[in-house]
Each structure stands twice: as C-alpha cells, then as structure tokens.
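Comments concern the structure below.
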Amino acid sequence: MKVLVIGNGGREHAIAWKLLQSEKVQQVICVPGNGGTASTPRCMNLAMNALDFEGIARFALVNGVELIVVGPEVPLAAGITDYLQNQGLRVFGPTRMGAQIEASKAWAKALMQEAKIPTSEAVVFTQASPAIAYVRQQGAPIVVKADGLAAGKGVTVAETVEAAEVAINDVFAGKFGEAGERVVLEEYLVGQEISVLALTDGITVRPLVPAQDHKRIGEGDTGANTGGMGAYAPAPIATPDLMQQIQQEILEPAIATLRKRQIDYRGVLYAGLMITPSGNPKVIEFNCRFGDPETQVVLPLLTNPLHELLLACAEQRLESFPAIEWQPGAAACVVLAAGGYPEAYKKGNSITGIDQAEARGAFVFHAGTQRRGQNLVTDGGRVLGVTALGEDFEAAIAHAYGAVEQIHFDEMYYRRDIGHRVRSIKPSLNIEL
C-alpha cells in the first residue's frame with residue numbers, strides 16, 4: 001500500500017520510518033517532508049503546502065494512496081480530514097470539530113468539565129484588563145495560556161503576578177496571532193508531567209506507552225517553553241494501576257463525550273497529564289495528534305505494524321485489533337536545536353555526522369532540515385531528534401548522547417540532562433496496557 005504523511009517535522013519522519021518497517025507499505029509520500037524523509041528509501045517528498053487540501057486529494061486519488069496520516073495540528077484544525085474524507089479517502093486524524101480539543105483550550109476545558117475529567121480550575125478572558133485584575137486577586141504562581149494554536153509556545157508558567165501580567169499583555173498584543181483572541185488562566189499544578197498518546201477510532205481508545213518530555217529550553221527544566229527538547233519512554237511513574245485510572249477517568253470519558261456531541265474522532269488523543277503528589281492524574285491539556293518528540297521514543301518501541309493500527313482506527317475497527325505489543329527496554333531522544341531557539345535563530349548551517357551517529361545504532365529523526373544538493377542544512381528551530389534504545393534508561397540515554405557527540409552544525413544547542421528524573425532509577429519496565 002501507499003501511505004501519505006502530512007507534515008515536515010521529526011514526528012512525521014518517525015511516522016514514515018515506522019510505516020516503512022512493514023513490507024506491506026510500498027511507499028510513503030511526505031507532504032512536504034524534510035531533509036530526512038527526502039533520503040529515506042521508499043519515501044519521497046511532495047513539494048506541496050499542507051493546507052492545499054485540493055492538491056493533496058487530487059494526488060492521493062490519482063496515485064492510489066490508501067491511507068493519509070495527518071501529523072500537525074494546524075491542518076487538522078483547518079478541516080483537512082473533513083475535506084479528504086468527502087473525497088472518499090481514508091484519513092487518520094480527527095475532523096475539524098474534534099481538533100478543537102487542541103485548537104481551543106477553552107473548548108477543551110468545557111469538554112473536560114462536561115465529562116467530569118479531572119483537570120485544573122480555569123477561567124477564560126477576552127480582554128487583558130479583567131484577566132490582570134483576576135491575577136492580582138488570585139496571586140501567583142498561575143498558568144497563562146493563549147487559547148489557540150501557538151506551536152507549543154503559548155503557555156507561560158508565571159511564578160509572579162508581574163510575570164503573569166506580562167504574559168497576558170503579550171497574548172492580547174498579538175504575539176501569538178489569532179491564537180491570542182482569548183486567554184485561559186489556570187490553576188498551577190504541582191507534580192510530574194507525563195504524556196499519554198492514545199489511538200482511537202471514535203469508540204474504542206487504546207493508550208500507547210507513556211512518555212515524559214522536557215518542554216523547557218534550559219537544563220534543570222528552566223527557561224522558556226519549547227515544542228520539546230527531549231523525551232523518554234516508558235515513563236516509570238505511569239504504573240499499570242495509574243494507566244488503568246487514566247483509561248477509566250480520562251481517555252474513555254473524553255471519547256464518550258465527543259461521541260455524545262456527535263463528533264467522530266479517529267486519530268490520536270494525546271493527554272498531557274500532571275501526576276499530583278497524591279498520585280492522581282489531572283489533565284493539563286489535550287492534543288489532537290502525535291506528540292513531538294514523544295513519538296520519537298514511543299514508535300521505536302512498538303512491535304505491531306503501524307499501518308495496521310492506523311487503518312484500524314480510520315476504519316473504526318480498533319476493538320477487534322490484537323493487543324498492542326512493545327519490545328522490552330527503554331527509549332530516549334535528545335533534540336538538537338538551532339542557537340537562539342525558541343526565539344530568533346539562523347537557518348542554512350551545514351550539518352555533519354549523522355551517518356556516524358546512526359552507525360552507533362541511533363535513529364536520527366530530522367525536524368528542521370533541508371537538502372541543498374548534496375548538503376544537508378538546518379531549516380528550523382528544532383533541527384534533529386537523536387533517539388536510542390537500551391535495556392534500561394541508563395543505557396538508552398548514554399547511547400543517545402554518544403550519538404549526539406558525532407553530530408555538528410554551527411550554534412548547535414541541546415540539553416545535557418534529558419532523562420534526569422530516571423537516570424538513577426532502574427524500575428521494572430513491564431508496562432501493561
């Protein structure tokens with residue numbers, strides 16, 4: 001079969017790489033893809049905008065594409081699934097209505113309240129003045145979120161009232177464009193964050209192995225939020241009992257409430273969770289797609305053919321799909337970023353050493369890269385995700401950093417403490433899902 005993957009990041013490279021591990025997948029076409037997908041055997045890039053729904057549909061129909069996998073949230077929120085399904089194409093990814101679970105934090109919060117899903121208290125404002133007055137009354141710390149899509153950068157954990165006021169003014173001053181038409185102020189939660197990516201066909205929902213990522217740019221989890229600077233899986237804090245609780249109290253109620261609203265949600269339901277000191281999960285946010293960089297540590301551990309799982313979701317037969325199976329051990333990913341990210345950064349720097357890194361057994365997933373003739377150059381803020389497997393976290397993390405040392409581009413930046421929570425922990429890695 002031929003599969004078309006929409007997107008150009010590390011997540012999409014990992015999806016294409018995993019799909020191509022099956023001999024039944026003849027070819028993967030990436031729209032628009034990146035420097036990594038351009039050089040992957042049986043994979044081709046199609047120079048087309050991810051929002052060109054008509055062009056994508058025409059290509060898929062003419063070339064016999066049997067499944068379309070939508071990676072990023074922006075085309076999902078714009079209704080790409082609705083359009084492609086109306087053309088008779090199979091799509092893995094929720095409709096525009098379902099994608100609101102990420103596209104509007106206020107909408108998602110209302111859905112959680114309706115479903116009685118445990119989450120933080122929150123209020124929504126459409127103007128800066130009343131939002132600032134609320135913060136002055138409530139005090140800090142407090143979480144300030146632009147309501148819409150802001151590429152993972154629209155959230156500020158404000159430690160002081162002054163910092164919250166700055167964040168609110170930034171939102172309404174247009175820093176995040178249309179994402180800042182409303183601001184959501186949320187209760188500050190304490191605990192450990194985990195990411196649970198679940199596959200669903202709109203009726204049945206099945207979680208993948210839980211992961212933990214590092215959102216902050218600085219070591220020790222300091223500095224500005226980013227799209228993610230690294231990740232590891234499976235997260236030890238997510239015990240079998242906790243995963244069962246997440247399934248019963250969060251994932252199943254969310255899908256049931258979407259269905260109650262007559263929203264046919266087929267794709268990934270990504271729950272960003274805070275595990276409180278008492279051991280209970282609360283939803284920080286829902287996303288409507290695979291996480292990045294969580295995908296880069298989850299998919300390498302998966303042993304089922306990915307295309308079969310995604311087709312089962314698209315065709316609404318996930319309930320009858322065999323158990324999702326995982327190889328033992330752990331996975332770790334270190335993100336290599338351009339200097340200056342998540343603010344202004346340069347593009348066009350030459351990248352070397354990827355072959356040497358992969359010779360050490362690592363998987364190097366391209367995010368912000370581009371081919372210029374025979375040269376590979378930087379083309380984004382997060383440039384590469386270096387993933388490695390190991391029998392435990394110590395081994396996986398050591399292998400990942402060993403591979404990172406082989407790679408170079410000017411002003412390359414990465415965190416040296418990815419996995420710091422688990423580096424000295426050697427728990428049982430038998431995750432039951």
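Quick notes on this one:
- Listed by position, the helices (runs of 4 or more DSSP H) inside segment 1-99 whose residues that are out of contact with any Ser or Thr (no Cβ under 9 Å at 6 or more places or on another chain) and within 23 Å of V386 (Cβ to Cβ) number at least 1 are 10-19, 35-38.
- Checking each residue in segment 107-131 for being more than 24 Å from N280 (Cβ to Cβ) and out of contact with any helix residue (DSSP H, G or I) (no Cβ under 6 Å at 6 or more places or on another chain) picks out T126, Q127, S129, P130.
- Single condition N45 does not satisfy, out of (1) in contact (Cβ under 8 Å) with a residue 60 or more places away in the chain; (2) more than 17 Å from H307 (Cα to Cα): (1)
- Residue in segment 193-204 that is within 14 Å of I418 (Cβ to Cβ), in contact with a Gly (Cβ under 7 Å, 6 or more places away or on another chain) and of a type in the set (A, V, I, L, M, F, W, C) present: no
- Residue list for segment 307-319, restricted to those being hydrophobic (A, V, I, L, M, F, W, C) and either more than 20 Å from the chain's Cα centre (by Cα) or surrounded by fewer than 22 Cβ atoms within 10 Å (Cβ to Cβ) (or both): L309, L311, A312, L318
- Test: G291 is touching a Pro at 6+ places or on another chain (Cβ under 7 Å) and modelled with pLDDT of 95 or more: no
- Selection count where residues are closer than 17 Å to L208 by Cβ and of a type outside the set (A, V, I, L, M, F, W, C), scope segment 309-364: 6
- One residue from I80, I101 being at pLDDT 95 or above, touching a Leu at 6+ places or on another chain (Cβ under 7 Å) and crowded, with 21+ Cβ neighbours inside 10 Å: I101
- Taking strands (runs of 3 or more DSSP E) as the structural unit, those lying wholly within segment 304-395 and holding at least 3 residues that are over 24 Å from L46 (Cα atoms) correspond to 330-338, 382-390.
- A count restricted to segment 215-238 and to residues that are part of a strand (DSSP E or B) and closer than 24 Å to E391 by Cα stands at 4.
- With respect to (1) surrounded by 24 or more Cβ atoms within 10 Å (Cβ to Cβ); (2) without any contact (Cβ under 8 Å) to a residue 40 or more places away in the chain, the lone exception for D355 is condition (1).
- The set of residues in segment 320-352 that are farther than 30 Å from G202 by Cβ, surrounded by fewer than 21 Cβ atoms within 10 Å (Cβ to Cβ) and of a type outside the set (S, T, N, Q) comprises P328, G329, G339, G340, P342, E343, A344, Y345, K346, K347, G348.
- In segment 242-283, residue surrounded by the fewest Cβ atoms within 10 Å (Cβ to Cβ) [restricted to those that are touching a residue at least 24 places away in the same chain (Cβ under 8 Å) and on the phi > 0 side of the Ramachandran plot]: G279
- Filtered residues of segment 286-305 (kept if more than 18 Å from T387 (Cα to Cα) and touching a helix residue (DSSP H, G or I) at 6+ places or on another chain (Cβ under 7 Å)): F286, N287, C288, R289
- The number of residues in segment 371-391 being crowded, with 16+ Cβ neighbours inside 10 Å, of a type outside the set (A, V, I, L, M, F, W, C) and modelled with pLDDT of 95 or more comes to 8.
- Matching residues, segment 176-192, being within 22 Å of D292 (Cα to Cα) and either basic (K, R) or buried (at least 19 other Cβ atoms within 10 Å of the Cβ) (or both): F176, A179
- Per-region count, segment 362-376, residues more than 24 Å from the chain's Cα centre (by Cα) and within 20 Å of A16 (Cα to Cα): 2
- Residues of segment 396-422 that turn out to be at negative phi and part of a loop (DSSP other than H, G, I, E, B), as a count: 13
- Residues of segment 409-424 include none that is free of Cβ contacts under 8 Å to residues at least 40 places away in the same chain and of a type in the set (A, V, I, L, M).
- Test result for K215, surrounded by 22 or more Cβ atoms within 10 Å (Cβ to Cβ) and of a type in the set (K, R): no
- Given (1) in contact (Cβ under 8 Å) with a residue 40 or more places away in the chain; (2) touching a strand residue (DSSP E or B) at 6+ places or on another chain (Cβ under 9 Å); (3) charged (D, E, K, R), number of the condition K24 does not satisfy: (2)
- Candidates A133, A158, A150, A173, filtered to the one that is of a type in the set (G, A, S), at pLDDT 95 or above and surrounded by fewer than 22 Cβ atoms within 10 Å (Cβ to Cβ): A133
- For segment 50-64, the count of residues that are buried (at least 17 other Cβ atoms within 10 Å of the Cβ), touching a helix residue (DSSP H, G or I) at 6+ places or on another chain (Cβ under 7 Å) and closer than 16 Å to F290 by Cβ is at least one.
The values are calculated or read from the model by the stated rules, or taken from the named source; none is laboratory data. Treat the numbers as computed from the prediction; the structure is a model and nothing was measured. Glycine also receives a Cβ, built like all others from the backbone with ideal geometry; neighbour counts cover every protein chain displayed.
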